[in-house]
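Student: Just passing along the structure, written as C-alpha cells.
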C-alpha cells in the first residue's frame, strides 16, 4: 500500500452504533457501511446515514451484485449504489465469487 492511499482508521457502522456515534462523536477517521442496508426510500437507517455523514466520511461496501454469476449484471443495483454514493471517501466494489461458489474451489482475491 502506498502511503498516499492511507485514509486513516475506520470502523464498520452498524445500527446499534447510530445513537452513540451522534451523541459522542468518537475519534474515528471514517465509517464503512454495507450499501444494501441503506438502499431503501427514506426510513430511519437512511436518516442516520445522512446525519452521521455530516461528521464523518463513509466508505461503502456493496456485497450483493454477484459479479461472475451466470445471471446478468444487476443494473438496478448499480443504480441504487450510485444514488446512495454521493460524497463518500471512496466507493470500492468488493468482488467475490458469486452464489455459485463452492467450498471446494479457491478463488484469488480480486481488487478494483
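Bear in mind these aren't lab numbers, they're just calculated from the coordinates by the rules spelled out. Everything numeric in this text was worked out from a predicted model, so none of it was measured. For neighbour counting, all protein chains shown are included, and Cβ atoms are generated from backbone atoms with ideal geometry for every residue, glycine included.
Student: If we count other beta carbons within 10 Å of each Cβ, what is the order of 53, 25, fewest first?
Tutor: Ascending Cβ contact count within 10 Å gives the list 25, 53.
Student: While we're looking at this one, here's another question. Order by neighbour count: 63, 28, fewest other Cβ atoms within 10 Å first, most last.
Tutor: 63, 28
Student: May I ask you to compute the full-extension gain from residue 23 to residue 46, defined as 0.36 nm times their residue separation minus their alpha-carbon distance, rounded to one decimal in nm?
Tutor: 6.5 nm
Student: For segment 4-59, what does the alpha-carbon gyration tensor say about shape, rounded, prolate or oblate, given a ≥ b ≥ c as the root eigenvalues, a/c under 1.5 as rounded, and a/b over b/c as prolate?
Tutor: Oblate, because a/c is 1.5 or more while a/b does not exceed b/c.
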